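Asker: For reference, the structure I am asking about is given below.
The values are calculated or read from the model by the stated rules, or taken from the named source; none is laboratory data. Because the structure is predicted, anything quoted here is derived from the model rather than measured. Don't worry about glycine lacking a Cβ; one is built from the backbone with ideal geometry, like all the others, and counts go over all protein chains shown. Each accessible area value is taken on the protein alone, full model and side chains, heavy atoms only, with ligands, DNA and RNA left out. Shrake-Rupley method; radii C 1.70, N 1.55, O 1.52, S 1.80 Å.
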Amino acid sequence: DQQVKQNSPSLSVQEGRISILNCDYTNSMFDYFLWYKKYPAEGPTFLISISSIKDKNEDGRFTVFLNKSAKHLSLHIVPSQPGDSAVYFCAASVNFGNEKLTFGTGTRLTIIP
Amino acid sequence: NAGVTQTPKFQVLKTGQSMTLQCAQDMNHNSMYWYRQDPGMGLRLIYYSASEGTTDKGEVPNGYNVSRLNKREFSLRLESAAPSQTSVYFCASSGRTGGVRETQYFGPGTRLLVL
């Protein structure tokens with residue numbers, strides 16, 4: 001039972017354009033969502049998060065949108081840069097916490113120069 | 001400040017052998033975690049420790065044991081390795097700043113191959 005789903009295993013985007021990564025969840029108890037970025041042979045690194053009391057959070061080139069009614073969140077990267085090529089994981093937790101994260105399966109983003 | 005360190009980086013085991021994966025953090029975090037990552041499965045929580053002296057099962061604890069040796073160290077033990085435990089294992093830690101939970105910081109991972 002995959003409670004956090006990333007239905008696109010891979011995505012290719014031209015440098016300078018917008019990258020949009022999507023994530024869906026089924027557990028209505030989730031109230032805190034995070035995006036992690038992972039390069040090969042390294043551990044995931046935190047990118048951006050959002051709590052369910054918000055519908056948008058911005059940090060530089062990265063914006064996360066949350067649609068609670070659709071149980072959907074998305075990560076927008078504008079403009080996309082070659083260094084953004086990595087695997088992106090969506091994660092969720094309950095009680096606005098950061099413990100016992102449930103991860104999605106990841107989306108491999110490739111930025112084409 | 002090394003963050004989260006894991007040893008070994010890579011290990012090959014035969015079925016039935018045992019081994020311990022080591023993890024240490026130097027960020028004075030209370031909480032530590034062990035995950036495994038398999039192709040097409042994302043990261044799944046094996047065990048976590050909310051504080052020194054406490055451990056709790058995660059999503060996939062079967063076949064594993066953990067020890068929170070002290071605040072810095074959290075080890076994962078495979079008593080009798082099976083091919084299904086071939087995976088990449090990540091350790092992570094998190095703390096609180098001003099009462100607010102911080103994000104989890106991950107180590108570089110241990111690649112385990114069980115033949």
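Asker: When ligands, DNA and RNA are left out and all protein chains stay put, how many square angstrom of accessible area per residue does chain A have with a 1.4 Å probe? Can you show the working numbers first?
Answerer: On the way: 5420 Å² over 113 residues.
That works out to 48 Å² per residue.
Asker: Shielding by partners for A:43-51, please: the mean number of other protein chain Cβ atoms within 10 Å of each residue's Cβ. Walk me through the numbers before you get to the answer.
Answerer: Working: counts 16, 9, 4, 6, 1, 1, 1, 0, 0.
Across the residues of A:43-51, the mean count of other-chain Cβ atoms within 10 Å is 4.
Asker: Which semi-axis lengths, in whole Å and largest first, follow from the square roots of five times the eigenvalues of the Cα gyration tensor of the protein assembly as shown? Can you show the working numbers first?
Answerer: Working: eigenvalues 172, 82, 54 Å².
For the protein assembly as shown, the ellipsoid semi-axes come out as 29, 20, 16 Å.
Asker: Oh, and also: Would you calculate the volume per residue, in Å³, of the smallest convex hull containing every Cα atom of chain A? Let's see the in-between values first.
Answerer: Working: hull volume 11.1 nm³, N = 113.
About 98 Å³ per residue, rounded to a whole number.
Asker: Still on this structure: From the backbone phi of the range A:99-113, what are the Karplus-calculated ³J(HN,Hα) couplings (6.51 cos²θ - 1.76 cosθ + 1.60, θ = phi - 60°) in whole Hz, Gly and Pro given as x?
Answerer: Going residue by residue, I get 10, 6, 6, 10, 9, x, 7, x, 10, 8, 9, 10, 9, 8, x Hz, with x marking Gly and Pro.
Asker: Evaluate peptide B:86-94: per residue, the Cβ atoms of other protein chains within 10 Å of its Cβ; return the mean as an integer. All intermediate terms of the calculation are to be shown ahead of the outcome.
Answerer: Working: counts 0, 0, 2, 0, 4, 1, 4, 0, 5.
Across the residues of B:86-94, the mean count of other-chain Cβ atoms within 10 Å is 2.
Asker: Could you order A:His76, B:His29 by accessible surface area, starting with the largest, using a probe radius of 1.4 Å?
Answerer: A:His76, B:His29
Asker: For A:Lys68, go through the lysines and keep the ones whose alpha-carbon is under 30 Å away, minus same-chain ones fewer than eight residues off.
Answerer: Output for A:Lys68: A:Lys5, A:Lys37, A:Lys38, A:Lys54, A:Lys56, A:Lys100, B:Lys57.
Asker: Compute for chain B: radius of gyration divided by Kirkwood radius, i.e. Rg/Rh, restricted to C-alpha atoms, rounded to two decimals. Display every interim value, and only then the final one.
Answerer: On the way: Rg = 13.6 Å, Rh = 14.1 Å.
We get a ratio of 0.96 for chain B.
Asker: With Cβ to Cβ distances under 15 Å as the rule, what net charge do the other residues near B:Ala2 carry (K, R +1; D, E -1)?
Answerer: Numbers: positive: B:Lys9, B:Arg72; negative: A:Glu42, B:Asp26, B:Glu73.
Its environment carries a net charge of -1.
Asker: Residue by residue, what Karplus-based ³J(HN,Hα) values in Hz, rounded to whole numbers, does the range B:55-61 have, using 6.51, -1.76 and 1.60 with θ = phi - 60° and x for Gly and Pro?
Answerer: Values per residue, Gly and Pro as x: 9, 9, 6, x, 6, 9, x Hz.
Asker: Amide H neighbours of A:Asp31 under 5 Å, at least 5 residues apart or on other chains, H built in the peptide plane: list them.
Answerer: Here A:Ser93, A:Val94, A:Asn95, A:Phe96 satisfy the definition.
Asker: Right, something else. Only loop residues by DSSP count here, and only those with at most 13 other Cβ atoms within 10 Å; note down the trypsin sites (Lys or Arg not before Pro) in the range A:1-57 that meet that.
Answerer: Working: sites: A:Lys5, A:Arg17, A:Lys37, A:Lys38, A:Lys54, A:Lys56; in loops: A:Arg17, A:Lys54.
Passing sites in the range A:1-57 are A:Arg17, A:Lys54.
Asker: Next up: Work through the residues other than A:His72 whose Cβ is under 14 Å from its Cβ and net out their charges, Lys, Arg +1 and Asp, Glu -1.
Answerer: On the way: positive: A:Lys5, A:Lys56, A:Lys68, A:Lys71; negative: A:Asp24, A:Asp55.
Local charge sum for A:His72: +2.
Asker: Additional query: Report the A-B buried area as the accessible area lost on both sides summed, probe 1.4 Å, in Å² to the nearest 100.
Answerer: 1600
Asker: Tabulate in residue order the Karplus-calculated ³J(HN,Hα) for the range A:73-86, using 6.51 cos²θ - 1.76 cosθ + 1.60 with θ = phi - 60°, rounded to whole Hz; enter x for Gly and Pro.
Answerer: For the range A:73-86, the Karplus-derived couplings read 9, 9, 10, 10, 10, 9, x, 6, 10, x, x, 7, 5, 5 Hz, x marking Gly and Pro.
Asker: Please compute the contact order of chain B in relative form: average sequence separation of alpha-carbon pairs under 8 Å and at least six residues apart, divided by the residue count, as a percent. Show your work: numbers first, answer last.
Answerer: Values: 297 pairs, mean separation 40.0, N = 115.
RCO, chain B: 35 percent.
Asker: Just add up the charged neighbours of B:Thr110: K/R +1, D/E -1, any other residue whose Cβ is under 12 Å from the Cβ of B:Thr110.
Answerer: +3
Asker: Additional query: Return a whole-number percent for the relative contact order of chain A, with Cα pairs under 8 Å and 6 or more residues apart as the contact set.
Answerer: Reported relative contact order: 37 percent.
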